[in-house]
Structures are given as structure tokens and as C-alpha cells.
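Student: Got a structure for you, questions after.
The values are calculated or read from the model by the stated rules, or taken from the named source; none is laboratory data. These numbers come from a predicted model, not from an experiment. Note: ideal-geometry Cβ built from the backbone for every residue, glycine included; neighbour counts use all protein chains shown.
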Ligand code: G4P
């Protein structure tokens, strides 16, 4: 009963957006509602600017920040809220993608002056392939932005998801007056101060000073159009990730943020059953279980510890409990734990499905590992592999160090920080990563932990496409469509750009090219 009740309170989600859309500003408001911080402006610190490659301290600072703020949890109106950070900017990496495997829903922020941007699109694809429910907040209404209909259409066309506008803006920028709250048949008046004033639609006529202007009338007509178009709000479609409720507002003003948060918290799904070995594991199952979705190595050589991030999927976790690591069958007592609040780590005593815990990792865990209470183990479905974008050829500076070189690569690849490919023609070692930062970390750790200096040769951003073995004819591939094998010996081609990809497709219409985003 306790497990069931606790699980039902959990709301575990990530916020996805393109840099500068307003993620920090919005998150700060959420933390204010949760009484986690007293003043906005506390979460900042991310804008330390670009760091020089050699300036390790800066990277570490960056990583330090991303450790402590990678999960934030607080109580809000009886709910236990867990917000997972999805690092953007230079930190964008596999971790960013993997974080999305540990959440139950996602808030997508779109800058209303810009529409959908590259990073949002990438993160959206992961949500889509995993069927994660998405709630959209269109931000910066206090600025002159794009037409709301256009924005909805762009979301539908580019992301392939149905939209349902939960509210409808009246004007924008200097003419911004508020929003129609469609579900409650009321108008929320923007007065410029934080107090939001609802007026039932039926009473609007009385407020002549408000309604008798062109902007208001135009928005009213737009809203009628929307009603006539007859899109229905469909909670089941939202839960399947096929429809997204869209809220307009301004994180900075702030306007519509608290309403959004309240509605979101009520609508957002609780932890769902998860697939393991062909079965579904219920979140209120008695025994604790969870999986590791991220491992964070401490970069400071004086503290060579690592933290594994576990998403609790069932049961109750208690500090000091014994669990079985399914990959090895070994029993482990988990004594050192952390939970994460906005600016510090605290020891965590217990956790339920939906929670994220950090456990001390004496170098025994791997990304994707399942931990289960008791001996009856199972394995949560493999985390998907994400397509890297930045590729580099790697060699050891000193050929005498070949052994350490291989060992270092092997271990770092296992950690999931970076992916390894082998050139089919000449057995080159080619590394692939989602973002640039991992190369700096990789180079640093190879030197400091394995005592090998590595040379990285840029082969540019590439578009990877997997191939079916029976269709591989080595003659068809060249430098522009570099043929390599991944760790499971699957073939893939690394295309130099969109043009070379299309050229190849035109020449070889029968060869199937597989985009990882489509298959996972
Ligand atoms: P991010 O975490 O998604 O990268 O975005 P962040 O919240 O840092 O916001 C990026 C910029 O956009 C900030 O301005 C922020 O103040 C502004 N912003 C966020 N929400 C709104 C909004 O609703 N309306 C308007 N007009 N601006 C908004 P900045 O000048 O880059 O930083 P700062 O010096 O103001 O902090």
C-alpha cells in the first residue's frame, strides 16, 4: 500500500529545449513554487561561457555543476516532483539523450519568437521513439513573436505530433493582454504584476475596457476558429505521446507559468510499468528494482570516485539494502547514496519508483545495468544506442603504449562516454560522440588514468546510417561514405553530409539505410 501510494505521487520529467528558449528561467519558477529556492537567479552559473580546451578546471566546474543540478526534487501539493536536467550547450551528449530514458514525461519549451530549433528537434525524436508524453510551453509571449497558428502548424508538421492548445494568447509583446483558458472557459488577464486575474468568459462582456479593442476581438475570433476546427483534447493520445497539450506564456514575466505547472503536475503520468525480459514490471511491485542510465566520473584525481545514477522502477529502496546486479549475479550492499537537490548532494535514505538516486560506484557498474532486490533478477530492456554526430580517428602518440591505449579505450567505451567504431578498410579506431565535450574528457582521462597521450584526427561531423550485412558491397563506399563497424560488428556508413547521403541513395536505391532514431 505504502509503495503504491508513494509511487502515485511521483512526477518525474525532463525539460527539453534549445539553448536560450528559457529552460533555466522556467525551472527557477518551478523551484520557487517548490520552495527550493527563495530568489530567482540562483540556478544560474551555467553561462560561464566557452572554456578553453586546456582549462581543465573549467570543464570540471562545468561537470560539477551538471552533477549537482542534474536532478532536482521537491514536494509540491502532495506530489513528489523530480526534474532531470538535460544539459545543453557544450555539454550536449549521450547523457542528455539517456536522461530521457529515465523520465515519465517531458516538458518541451519553444521560444515563441523562433519556433522549433535544432536541439529541440533532436531531443524530441528520442521522446517520440520512446512514446514519452510531451507537454509544450510556448515561451516569451511578452515579446513580439510568431503567429500562434503558425507555431502550432510547425509543431505538427516538423515533429509529427498532434497539438491541442490549452490556452490561447491575446496579443503579444507590448499588446499582450492575457490568455483564454479554453478548458475552464475563462480569460486570464495579464496585469503586469504576478497576480493573474481570471474572468469567466460569460462575464467578459461587462469588461468593455478590456474587450473593445482590435487585438482582443481578433484573438476571440481565432479561438472560435480553433473550437470550430474541432480538435479534441485526448488524454489517452497525450499519454501515448501522440498529442501534445500546448500552453502559451512567459517564463520571465512570469505569466501562465504557475497555471501551467499546476495543470502539468495533475496531468503528467505517474511512473509506468517498464519492460524487462519480455515482461512488464509494475512500479508498485514489492521488490526494489532500477536501472543505471548515467555514470559520472569525478574528474578530480584526488577523488577518483564515480556516481551511478539509478532510476528506481519498482518497490522501495532503503539505504544499506542488498541488491543483485543482474549482469554479474553478484550481491551488493548499497550504503553510500545521494539524492540531488538544487545545489548540494544529500544522503538519501529511501526512494520509490520514479525517484533518481546516486550510488557510489567503485568501478563495477555499467550504463544499462539492472539492480534488483533479492535473487530473482531480471534485466530492464537495453537502453537505445544514440547516433553520434562528431567523429574522430584516434591513435596513441607513442606506439609503445598500444596495450594501455586499448585498455583505456575499452573501459571508457564501456562507460558509455564515447562510442567506438572500426574502419573496415584499415582497422582504424574511430570514435563517435554526440557532442564535442566528450573528446576533451576522453583525452584528459586517457592521459591521467591510463597514461596514454592520444592524437585525435578530425573527420568532421558525419551522418551515420546502419546497413544490412547482406547488402554491404565494400566497393560502393569511399571517404565520403566511410564504411565502419560498430562494437556489435554491424556495418554502418558515415556520410560526410546530406549531399553525400542523398547522392548515395540515388545511386543505390536498393540499399536500405537505417537511421538509429527510427529503429530504437
Ligand atoms: P536556457 O536555460 O533555455 O538557455 O534559457 P534562459 O532561461 O537562460 O533564458 C535565455 C534568455 O531568455 C535570458 O535572457 C532570459 O532572461 C530570457 N527569457 C527567458 N524567458 C523569457 C520570457 O518569457 N520573455 C523574455 N522576454 N525573455 C525570456 P539573457 O538576456 O540571455 O539572460 P539574462 O541576462 O536576462 O539572465
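Student: Here is a check on your reading of the model: is residue 435 over 18 Å from residue 409 (Cβ atoms), modelled with pLDDT under 90 and assigned to a loop (DSSP other than H, G, I, E, B)?
Tutor: Yes: the conditions hold for residue 435.
Student: Take the residues in the range 240-279 that are within 16 Å of the ligand (Cβ to nearest atom) and under 23 Å from residue 131 (Cβ atoms); name whichever of them is surrounded by the most Cβ atoms within 10 Å (Cβ to Cβ).
Tutor: 260
Student: What do you reckon, is residue 231 away from the ligand (no atom under 16 Å from the Cβ) and modelled with pLDDT of 95 or more?
Tutor: No, not satisfied.
Student: Since residue 443 meets every condition but one in (1) surrounded by fewer than 21 Cβ atoms within 10 Å (Cβ to Cβ); (2) touching a residue at least 60 places away in the same chain (Cβ under 8 Å), which condition does it not meet?
Tutor: Of the numbered conditions (1) surrounded by fewer than 21 Cβ atoms within 10 Å (Cβ to Cβ); (2) touching a residue at least 60 places away in the same chain (Cβ under 8 Å), the odd one out for residue 443 is (2).
Student: Report, by residue number, each residue of the range 93-115 that is assigned to a loop (DSSP other than H, G, I, E, B) and either away from the ligand (no atom under 12 Å from the Cβ) or touching a strand residue (DSSP E or B) at 6+ places or on another chain (Cβ under 7 Å) (or both).
Tutor: Listed by number, the residues that qualify are 93, 103, 104, 112.
Student: Residue 75: assigned to a helix (DSSP H, G or I) and either at pLDDT 80 or above or surrounded by fewer than 18 Cβ atoms within 10 Å (Cβ to Cβ) (or both), yes or no?
Tutor: The answer is no for residue 75.
Student: Between a residue in the range 24-36 that is on the phi < 0 side of the Ramachandran plot and any residue that is more than 10 Å from the ligand (Cβ to nearest atom) and in a helix (DSSP H, G or I), which pairs come within a Cβ distance under 8 Å, given they are 6 or more apart or on different chains?
Tutor: Pairs found: 29/258; 29/261; 30/261; 33/258; 33/261.
Student: Residues 403, 375, 407, 393: which one is surrounded by fewer than 18 Cβ atoms within 10 Å (Cβ to Cβ) and in a strand (DSSP E or B)?
Tutor: Going through 403, 375, 407, 393 in turn, just one is surrounded by fewer than 18 Cβ atoms within 10 Å (Cβ to Cβ) and in a strand (DSSP E or B): 393.
Student: Suppose we keep only residues that are within 15 Å of the ligand (Cβ to nearest atom) and under 31 Å from the mean Cα position of the chain (by Cα) within the range 168-192. Which one would you say is surrounded by the fewest Cβ atoms within 10 Å (Cβ to Cβ)?
Tutor: So the residue we want is 173.
Student: Considering only residues of the range 116-142 that are in a loop (DSSP other than H, G, I, E, B) and more than 16 Å from the ligand (Cβ to nearest atom), which is nearest to the chain's Cα centre (by Cα)?
Tutor: Among those that are in a loop (DSSP other than H, G, I, E, B) and more than 16 Å from the ligand (Cβ to nearest atom), it is 132.
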